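See structure below.
The values are calculated or read from the model by the stated rules, or taken from the named source; none is laboratory data. Source: prediction; values computed, not measured. Methodologically, a virtual Cβ is constructed for each residue, glycine included, from the backbone with ideal geometry; neighbour enumeration extends over all protein chains shown. For accessibility, only protein heavy atoms count, side chains too; no ligands or nucleic acids. Shrake-Rupley method; radii C 1.70, N 1.55, O 1.52, S 1.80 Å.
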Amino acid sequence: MSSFWDKQIERADLLAEQSSGSKELLHFYAQLLRAQKEIYESFRGRTHWLPSGDLEQDVSVVQSSMSGLLQRVARNGPESLAEEAQALLNTEADAMAQDLLNYWRSPSDMQFFAKSVLQPYARWLAETSTTPVGRELAGGERTCPFCGGKPQLAFLQSRESAESGTRELLCATCLSSWEFRRVVCANCGEERPAKLGYFHTPEFDHIRIEACDSCKHYIKGIDLTRFGLAVPLVDELYAAPLDLWAHEHGYTKIELNLIGL
Ligand SMILES: [Zn+2]
Ligand SMILES: [Zn+2]
């Protein structure tokens, strides 16, 4: 019952084989996804335990699930992350637990390890309909209705009821998605078409940059109506060259992905 994680892993493995520019990133991400799947399964497989939704109560379980991920990153990660992982393996459990709680209350896309381990935790909360506690974040339609997380990406998919497909935002914390209006900035809510721009290259035919000139932020959009085999979380990362274009044009990403792009 890990079909979500398996789907991401298979796609990352496949793209890592095919891709030239993002090969190393995708290999690393495939390893990371495997570690996240192990964390997720360690939660599911715990006997007589369900998450409370209150990370203060659950933090020892979450923290104790991390060593596999830290070891993988220490072995396969880019140098700076590998060093950090090694240092964390030698850190007191209390310090790591504090990092996790800080992230939970005030998420930052720069906190790689906390984000990596809390994604499977928050996903498990979402799947068990356990209300997260201490995540009373911004609120409103531009953050996740379940956990208050920021959007990691947007995707379009066909729905029988909608002629041209519906747009959804995928949460960077719990990885669930919610429907969102099509021509609106996911960061500031700008709706004027003249302020919203798109950038796209033939190399990534089903992926585009959706940029806003009012707040100067952007998000990537994955179009599943053009290419149904895409897996948004992985394809977003695969299209790393588009981030370069966005940065060169002065746009800031709403939420960096796990690879830090
Ligand atoms: Zn969420
Ligand atoms: Zn905006």
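Condition check ((1) open to solvent by less than 20 Å² (accessible area, probe 1.4 Å); (2) farther than 26 Å from Glu10 by Cβ) across all residues:
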| position | (1), (2) |
| --- | --- |
| Arg181 | no, yes |
| Cys188 | no, yes |
| Glu203 | no, no |
| Cys215 | no, yes |
| Tyr218 | yes, yes |
| Leu229 | no, no |
| Tyr238 | no, no |
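When Glu160 is tested against (1) within 12 Å of ligand 1 (Cβ to nearest atom); (2) over 13 Å from the mean Cα position of the chain (by Cα), only condition (1) is not met.
Among all positions in the range 139-152, there is at least one residue which is more than 30 Å from Gly45 (Cβ to Cβ), surrounded by 16 or more Cβ atoms within 10 Å (Cβ to Cβ) and β-branched (Val, Ile, Thr). Applying the criterion of being at pLDDT 85 or above and aliphatic (A, V, I, L, M) to the residues of the range 134-181, the residue that is nearest to His206 (Cα to Cα) is Leu156.
Residues of the range 34-72 that are touching a residue at least 40 places away in the same chain (Cβ under 8 Å) and hydrophobic (A, V, I, L, M, F, W, C): Ala35, Ile39, Phe43, Leu50, Leu55, Val59, Val62, Met66, Leu69, Leu70.
The residue of the range 128-178 that is farthest from Ala239 (Cα to Cα), among those that are more than 16 Å from ligand 2 (Cβ to nearest atom) and of a type in the set (Asp, Glu), is Glu136.
Beta carbons closer than 9 Å, at least 6 apart along the sequence or on distinct chains, pair a first residue in the range 126-140 that is in contact (Cβ under 8 Å) with a residue 40 or more places away in the chain and over 14 Å from Thr173 (Cα atoms) with a second that is open to solvent by 80 Å² or more (accessible area, probe 1.4 Å) and more than 16 Å from ligand 2 (Cβ to nearest atom) for Thr128/Leu50; Thr130/Leu50.
Every residue, every condition in (1) open to solvent by 40 Å² or more (accessible area, probe 1.4 Å); (2) at pLDDT 95 or above; (3) farther than 23 Å from Ser176 by Cβ, yes or no:
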site	(1), (2), (3)
Ser2	no, no, no
Gln8	no, yes, no
Lys23	yes, no, yes
Leu33	no, yes, no
Glu79	yes, no, yes
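Determine whether Ala211 is away from ligand 2 (no atom under 16 Å from the Cβ) and either assigned to a strand (DSSP E or B) or of a type in the set (A, V, I, L, M) (or both). It is false that Ala211 is away from ligand 2 (no atom under 16 Å from the Cβ) and either assigned to a strand (DSSP E or B) or of a type in the set (A, V, I, L, M) (or both). Scanning the range 83-123 for residues that are within 13 Å of the chain's Cα centre (by Cα) and free of Cβ contacts under 8 Å to residues at least 12 places away in the same chain yields a single hit, Ser108.
In the set Ala122, Ala95, which member is open to solvent by less than 40 Å² (accessible area, probe 1.4 Å), more than 16 Å from ligand 2 (Cβ to nearest atom) and assigned to a helix (DSSP H, G or I)? Write out each step before concluding.
Working: Ala95 fails: open to solvent by less than 40 Å² (accessible area, probe 1.4 Å).
Result of the check over Ala122, Ala95: Ala122.
Every residue in the range 157-169 that is open to solvent by 20 Å² or more (accessible area, probe 1.4 Å) and in contact with a strand residue (DSSP E or B) (Cβ under 9 Å, 6 or more places away or on another chain), please. Before the answer, list the steps.
The first filter runs over the range 157-169 and keeps only residues open to solvent by 20 Å² or more (accessible area, probe 1.4 Å), leaving 157-164.
The answer is Gln157, Ser158, Arg159, Ser164.
Quick check on Phe180: is it within 19 Å of Lys253 (Cβ to Cβ) and away from ligand 1 (no atom under 16 Å from the Cβ)?
Working: within 19 Å of Lys253 (Cβ to Cβ): yes; away from ligand 1 (no atom under 16 Å from the Cβ): no.
Here the answer is no, as Phe180 does not meet what is asked.
When every residue of the range 190-199 is checked against the conditions, none turns out to be at pLDDT 95 or above, under 23 Å from Pro241 (Cα atoms) and within 16 Å of ligand 1 (Cβ to nearest atom).
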